[in-house]
Amino acid sequence: MSAVEYVPGTWVAVVGERTWLLLAVAPESGLVRRCWDLVRTDEPLDEVLAGIVHEGFRAVSGFALVRLAPGEKRAVVRGAARLQFADASGAVDEINAAGVGTWVDRNLGEVARMRIATGAAGPALPVRGGVVLAGELAVSLSDTPQEDVAGQEEVVELTVVRDEPRTAPQVPAAPPPQPQPAPHLAAVPQPLPTPPVPQVTQITGVIQSLDWAPPAPAAPRPEPATVVQAEPVTDTVLRTNVLSPNETRMLHPGSTSGPQLVRAKKCPAGHLSSDYAVHCRVCEVPLPEQDAAMLPMPVLGLLRLSNGDTITLDRNVVMGRDPSGDRRGVNLVQVGRENDTEISRTHVEVRLEGWDVLVRDLGSMNGTSVARPGCPPQKLAAHIEEFLYPGTRVVLGDQFSFTFEVNG
């Protein structure tokens with residue numbers, strides 16, 4: 001169980017049972033309701049993080065997100081927020097994002113108490129759960145309630161043993177020895193006499209110092225192994241399966257014609273964002289108050305390949321040496337040559353789902369890794385989809401990569 005206190009402030013604190021969030025947004029923002037729904041249903045940290053940065057990295061200037069659950073002890077910090085935590089021994093550590101343009105993502109060990117601070121000062125008030133305006137959160141964690149421990153009494157069970165006269169145990173008499181038959185001794189054969197060694201007379205006329213056997217051919221010297229350096233992949237071929245008259249819009253899943261319509265808002269520059277966005281996903285300016293309208297789905301961005309090519313994200317993308325995909329409008333990107341074994345024939349897929357961009361390794365031989373901004377690369381599990389955030393770099397094998405960018 002945990003005990004949570006907060007210091008009143010201007011940030012929004014979202015308090016759950018195993019997830020705690022402090023973020024710099026206005027309390028009337030639709031982001032607050034979305035985060036509370038995710039926290040109160042105990043969703044994984046990645047789901048909450050995706051809800052926070054759904055419309056781009058700079059939609060929220062700062063936040064601190066902590067989740068302490070079995071199998072997932074992790075913290076993400078961005079902007080002016082700071083996370084201080086201590087283990088049971090009292091050792092204190094701190095996570096901050098000073099000098100980092102995106103965020104800091106870190107796995108945690110066992111945590112006994114922690115404090116999420118933004119520099120606010122004031123009295124500490126208790127909170128059990130929900131959403132409050134706060135500038136600081138302090139959480140104390142304990143596996144066993146203190147009052148239960150204090151109320152426990154040591155119970156000693158006593159066993160009384162009466163002294164009774166002991167009776168010597170009766171030992172059964174040993175049976176009389178039985179006569180053993182005399183062993184039969186077999187005749188032992190005597191060793192045979194050693195025959196005399198015949199004397200060998202050396203034959204004269206032969207030069208004993210010479211080797212009369214034909215000389216063995218000399219073993220060839222092994223040639224040094226030649227190390228072949230893998231060349232970066234620079235060849236790409238784009239093959240587009242077009243089944244829709246409108247080639248600049250993503251096709252609706254399950255449909256063979258017509259653009260997908262979504263609820264969207266417009267910024268002053270005309271960029272479209274999701275109906276629950278508070279900032280434009282492209283130019284990052286605050287969105288004016290407006291009612292969302294049903295509009296054609298915009299292009300969500302592009303993939304900038306390591307060789308300089310770009311792929312527009314107006315439909316799903318499949319990459320590999322000889323890629324293949326479904327027949328509902330998909331970009332097939334051939335990467336490298338046929339004899340390149342570092343990249344599989346069908347290696348990775350980038351899929352569009354509503355306003356989300358997802359990436360999935362298709363069971364490739366050498367794997368796929370992703371590196372979010374400010375985070376070390378992590379290898380993707382095969383056939384498991386991950387959110388693709390703006391600025392994320394995806395590496396196929398070790399020779400080819402691409403970066404997801406949001407544009408107008």
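Look at segment 316-330 and say how many of its residues are open to solvent by less than 10 Å² (accessible area, probe 1.4 Å) and modelled with pLDDT of 85 or more.
First pass over segment 316-330, keeping only residues open to solvent by less than 10 Å² (accessible area, probe 1.4 Å): 317-320, 323, 329-330.
Cutting the leftovers down to modelled with pLDDT of 85 or more gives us 317-320, 323, 330.
Of the residues in segment 316-330, 6 are open to solvent by less than 10 Å² (accessible area, probe 1.4 Å) and modelled with pLDDT of 85 or more.
Among residues of segment 79-91 that are farther than 14 Å from Val139 by Cα, those with a Cβ under 6 angstrom from a residue that is loosely packed, with under 15 Cβ neighbours inside 10 Å, sequence gap 6+ or separate chain, pair up as Gly79/Ser61.
Would you point out the residue of segment 134-145, among those that are part of a loop (DSSP other than H, G, I, E, B) and either at pLDDT 90 or above or of a type outside the set (S, T, N, Q) (or both), that is least open to solvent (accessible area, probe 1.4 Å)? Step through it out loud before you land on a result.
Residues of segment 134-145 part of a loop (DSSP other than H, G, I, E, B): 142-145.
Of the ones still in play, those that are also either at pLDDT 90 or above or of a type outside the set (S, T, N, Q) (or both) are 143, 145.
Values: Asp143: 154, Pro145: 31 Å².
So, considering only residues that are part of a loop (DSSP other than H, G, I, E, B) and either at pLDDT 90 or above or of a type outside the set (S, T, N, Q) (or both), the one least open to solvent (accessible area, probe 1.4 Å) is Pro145.
Among the residues of segment 102-117, the one identified as open to solvent by 70 Å² or more (accessible area, probe 1.4 Å) and out of contact with any strand residue (DSSP E or B) (no Cβ under 6 Å at 6 or more places or on another chain) is Glu110.
Of all the criteria given as (1) open to solvent by 20 Å² or more (accessible area, probe 1.4 Å); (2) under 26 Å from Val282 (Cβ atoms), the one not satisfied by Asp87 is (2).
If you go through segment 330-361 and pick out every residue that is more than 21 Å from Phe387 (Cα to Cα) and not basic (Lys, Arg), you end up with 10.
Within the bounds of segment 377-385, is there any residue that is among the acidic types (Asp, Glu) and surrounded by 19 or more Cβ atoms within 10 Å (Cβ to Cβ)? Walk me through it before giving the result.
Step one: filter segment 377-385 for residues among the acidic types (Asp, Glu), giving 385.
Those still in the list that are surrounded by 19 or more Cβ atoms within 10 Å (Cβ to Cβ) too: none.
No, because not a single residue in segment 377-385 is among the acidic types (Asp, Glu) and surrounded by 19 or more Cβ atoms within 10 Å (Cβ to Cβ).
Sub-9 Å Cβ pairs linking a first residue in segment 283-311 that is surrounded by fewer than 17 Cβ atoms within 10 Å (Cβ to Cβ) to a second residue that is of a type in the set (Gly, Ala, Ser) and at pLDDT below 90, at least 6 apart or interchain, are Cys283/Gly408; Glu284/Gly56; Glu284/Ala59; Ala292/Ser274, ordered by first then second residue.
Within segment 1-32, the residues that satisfy the criterion of being open to solvent by 10 Å² or more (accessible area, probe 1.4 Å), more than 19 Å from Pro126 (Cα to Cα) and out of contact with any Ser or Thr (no Cβ under 7 Å at 6 or more places or on another chain) are Val25, Ala26, Pro27, Glu28, Ser29, Gly30, Val32.
The values are calculated or read from the model by the stated rules, or taken from the named source; none is laboratory data. Given the structure is predicted, the values throughout are model-derived calculations rather than measurements. Using ideal geometry, Cβ is built from the backbone for each residue, glycine included, and neighbour counts are taken over all protein chains shown. SASA here: full protein model, heavy atoms, side chains in, ligands and nucleic acids out. Shrake-Rupley method; radii C 1.70, N 1.55, O 1.52, S 1.80 Å.
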